[in-house]
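Working notes, beginning with the structure itself.
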Amino acid sequence: MQESSNYGFATRAVHVGNEVGKDSGAIKRPITMGNSYALPYDPTDMNWSSASGNLYTRNGGTNQKYLQERVASLEGGEDCVVLASGVAALSGLFFALLKQGDHVIFSSVTYIAVYRLLHELFNNKFGVETTLVDTSDPANVEAAIRPNTKLIHIETPGNPTLTISDIAAIADIAHRHGALLSVDNTFASPYNQRPIELGADFAVESLTKYVNGHGDAMGGAIVGKKEYLDQIRAVSQVNLGGAISPFNAWLIMRGSVTLPLRMRQHNENAMQVARWLEAQPCVSFVAYPGLERHKGHAVAKKQMAPGFGGVLSFGLKADHDTHNRFVSHLKVITSAVSLGHDESLIVFLGENDERQYLYPPEFHNGFFRFSVGIEDAADIIADLKQALEQVGLL
C-alpha cells in the first residue's frame with residue numbers, strides 16, 4: 001500500500017501488508033508454508049545467517065514480512081520484527097540490547113515472564129543489573145538511574161494491576177540519561193495507545209492477544225527504529241530461533257483486520273462492566289484506568305485517547321473458596337488464562353502469588369483478572385450478576 005501513513009488506522013489495518021497476487025490474482029496474500037527458498041546460481045558467498053531476503057524461514061519468512069509491515073504501520077514505527085510469541089519478543093529485545101554490566105530499570109508490575117527474565121535470568125546468568133521500580137511515578141524512575149543504565153522497560157497498563165505509567169515523561173527521563181525506553185503495549189493495543197508516538201524507542205506487543213483477537217495463534221512483535229531492529233533480527237531471531245510459523249503469521253494478519261472494530265467493543269464493554277462492578281456492595285475493588293477514581297486515570301486519558309482497553313481486575317468481599325465457586329457458576333464468561341480474545345476470559349489469582357508484595361494492598365486477598373470480550377455487554381453483566389447470586393453475594 002503506497003504512502004500508507006496518509007490513511008487512517010482502520011484503512012491501514014485492512015490494506016498494509018496485503019496486495020493482489022501477481023501470479024494468482026487473489027486479493028489476499030496466501031500462506032507460504034515452505035521453510036526454504038531457492039538459492040542463486042552461486043550461493044557460496046552468501047551469509048547463511050542473514051535475515052534479509054528469503055533464505056530459510058528461521059531467518060525470516062514471507063508471511064512474517066507481510067505482518068511486520070502491518071504492525072509497524074499500526075504502531076507508528078519505522079520497522080518491526082515479528083517472533084513466535086510475546087515472550088520471544090521480550091527476550092529477543094533484551095538479549096540483543098543488553099550485555100554484562102548494563103543496568104535495566106523495569107516496572108514492578110509486569111507480565112510474569114519479564115519478572116523472570118530481568119529479576120532472575122538476565123541478572124543471575126548474564127550479569128545484567130536490574131532494578132524494580134514503581135513506574136507509575138516518574139520520579140521513582142529518575143531516582144533509579146545509574147551511569148550504566150541502558151534500558152528502561154515499562155508496561156502500561158500493567159499486568160495484572162492495571163497500573164498506569166506516563167510514557168512521555170519516562171521517555172524524556174530515559175533520553176536525558178542516554179538510555180532507551182521499551183513499552184509493553186499488549187494491554188492497550190496499538191488502537192488505544194502508540195508508545196513510539198509518545199517518545200518510546202520500542203513498542204512490544206504480544207500479538208497473541210488483541211492484534212490476533214481470536215485466541216487461535218501466537219506471536220509477538222518488537223517495533224522501533226531499523227538500526228535496532230536489524231540488530232534484533234541478527235542476534236535474536238536467527239540465533240535464538242524464535243521464528244513465527246507462516247500459518248500463525250497468516251492467522252494474525254487475518255485477525256488484525258478487525259482490530260479497530262473489536263477494540264471499540266472491548267473498550268465500551270469493559271467500561272460498562274467496570275462501572276457495574278464498582279456499584280456492587282460485594283465487590284471490594286475494581287481496577288480499570290477508565291474509572292475516574294483510578295490512580296492513573298488522568299495519565300491514561302492523556303495517552304490512551306480512543307479507550308482504556310478490555311482488561312480489568314476486581315476483588316470480592318469473600319473467602320478463597322467463594323471466589324472459586326463464583327467462577328464455577330459463570331456461563332458466558334470462561335475461566336481461562338490469556339486476554340484479548342473475542343470471548344470474555346476470567347482467572348482467579350489467589351493470595352500466594354510470589355509477586356504479591358509488589359501489588360497494592362487491595363490485591364492481597366486474591367482477585368480476578370477479567371478480559372472483557374465482545375459479547376453483548378448486557379449478557380456479560382447478567383452472567384456476573386447470576387453467579388454472584390448463586391454464591392449468596394447478591
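The values are calculated or read from the model by the stated rules, or taken from the named source; none is laboratory data. Quick caveat: nothing in here was measured; it's all calculated off a predicted structure. Positions of Cβ are backbone-derived with ideal geometry, glycine not excepted, and every protein chain shown enters the neighbour counts.
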Strands (runs of 3 or more DSSP E) lying entirely in segment 77-136 (those with 2 or more residues that are surrounded by fewer than 21 Cβ atoms within 10 Å (Cβ to Cβ)): 129-133
Of residues in segment 335-348 being among the aliphatic types (A, V, I, L, M) and touching a Gly at 6+ places or on another chain (Cβ under 8 Å), the one nearest to Pro157 (Cα to Cα): Leu339
Tally of residues being among the β-branched types (Val, Ile, Thr), more than 20 Å from Gly340 (Cβ to Cβ) and free of Cβ contacts under 8 Å to residues at least 40 places away in the same chain across segment 231-287: 1
Qualifying residue in segment 118-131 (condition: within 24 Å of Phe368 (Cβ to Cβ) and of a type in the set (A, V, I, L, M, F, W, C)): no
Filter result (without any contact (Cβ under 8 Å) to a residue 40 or more places away in the chain and among the small types (Gly, Ala, Ser)) within segment 345-381: Gly350, Ala378
Enumerated strands (runs of 3 or more DSSP E) restricted to segment 160-245, each holding at least 1 residues that are surrounded by fewer than 24 Cβ atoms within 10 Å (Cβ to Cβ): 180-184
Tyr37 exposed (fewer than 13 other Cβ atoms within 10 Å of the Cβ) and either within 17 Å of Phe247 (Cβ to Cβ) or out of contact with any Asp or Glu (no Cβ under 6 Å at 6 or more places or on another chain) (or both): no
Qualifying residue in segment 349-360 (condition: under 23 Å from Glu155 (Cα atoms), of a type in the set (Phe, Trp, Tyr), at pLDDT below 95 and surrounded by 15 or more Cβ atoms within 10 Å (Cβ to Cβ)): yes
Close pairs (7 angstrom Cβ cut-off, 6 or more residues apart or separate chains): in the same structural domain as Glu129 (by TED's automatic domain parsing) and of a type in the set (Gly, Ala, Ser) in segment 93-119, part of a helix (DSSP H, G or I) and surrounded by 20 or more Cβ atoms within 10 Å (Cβ to Cβ) anywhere: Ala96/Ile232; Ala96/Ser236; Ala113/Val87; Ala113/Leu90
